[in-house]
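Derivation of every value follows stated rules applied to the coordinates shown; laboratory data play no part. Bear in mind that the values here come from a model prediction, so they are computed numbers and not experimental data. When we count neighbours, we look across all protein chains shown, and the Cβ atoms used for this are built from the backbone with ideal geometry, even at glycine.
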Amino acid sequence: GEQGLHAAFMVAILVFLCSGLLAGMRANIGGAVKSALAWIAIGLVAVGGYAYRDELTQVWERITAELSPGTAVRGERSLMVRASGGGSFYLSVFLNGQQTRMLVDTGASGLALSPGDARTAGINLSALTYNVPVQTADGRTLAARVSIGTVQVGGLTFRNLTALVLRQGTVSLLGINILRRFRSFEINNDRLTLRW
């Protein structure tokens, strides 16, 4: 009963709209038909785009990753990133809720933050004591041990992690202690994939 009433109401609206359209465009019926077909096609494309929005988002992310190396592509419980022009992998990491671009370094044992990234994460640099000797690509230097409240990489969030703040440098390092917390990580040619 209700469905029949609803269908009759919809047909009445359709007849009313069509009669108004035809009355307004008596002289140009062909143009009215073309216009109606164009609007139907636009409506179908919009509905199809909405229905496949997740798949289209993944396609767009893959295209972006190919055009812009270093851009991460999220999958179902995975994150894939292409190597930058120099062959290194960079990931967007959130330190205490602040986004930072970090170099993935399997030779680094933990998190090593540049002074700028440490400041962005809310660490007071003037209160640090640089007494931890470290070996970097630029040689030996000193670092300060700090605690990071939250570190978010891909779909995982880690709490209260120890990190080192380097006395100098501009690049922060994401070391092996973070990578080992994932179910797996794999480097295949120019792609790094993290799975959780």
Self-check item: Protection proxy ranking of 124-137, 183-196, 106-119 - average other beta-carbon atoms within 10 Å, highest first
Solution: 106-119, 183-196, 124-137
Exercise. State, as an integer percentage, the relative contact order of the chain based on alpha-carbon contacts under 8 Å between residues 6 or more apart.
Key: 19
Quiz item: Which of the helices in the chain, when you take each full DSSP H run, stretch at least 30 Å along the axis at their Cα atoms and have an average Kyte-Doolittle score of 0.5 or higher?
Solution: 2-24, 29-51
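Would you mind working out the magnitude of the charge dipole of the stretch 49-182 relative to its Cα centre, with +1 at each Lys and Arg C-beta and -1 at each Asp and Glu C-beta, to the nearest 20 Debye?
Taking the Cα centre of the stretch 49-182 as origin, the dipole is about 360 debye.
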Self-check item: Cβ-based charge dipole, the stretch 69-196, positive-most Cα from 152, 109, 91
Solution: 152
Quiz prompt | Potential lengthening between residue 9 and residue 128 on full extension [0.36 nm per residue; Cα-Cα distance subtracted] | solution = 35.5 nm
Self-check item: Local net charge near residue 131, Cβ-Cβ under 11 Å (Lys/Arg +1, Asp/Glu -1)
Solution: +2
Quiz item: If amide H atoms are built 1.01 Å from N in the plane of the peptide, which residues on other chains or at least 5 residues away come under 5 Å of the amide H of residue 158?
Solution: 151, 152, 153
Self-check item: Largest-first principal axis extents of the Cα set of the chain (Å)
Solution: 86, 36, 32
Quiz item: In the neighborhood of residue 165, defined by Cβ-to-Cβ distances under 10 Å, what is the net charge if each Lys or Arg adds +1 and each Asp or Glu adds -1?
Solution: +2
Self-check item: Proximal charge balance of residue 150 [Cβ under 15 Å; K/R count +1, D/E count -1]
Solution: +1
Quiz item: What ranking do 175-182, 7-14 get when scored by the average of other Cβ atoms within 10 Å per residue, highest first?
Solution: 175-182, 7-14
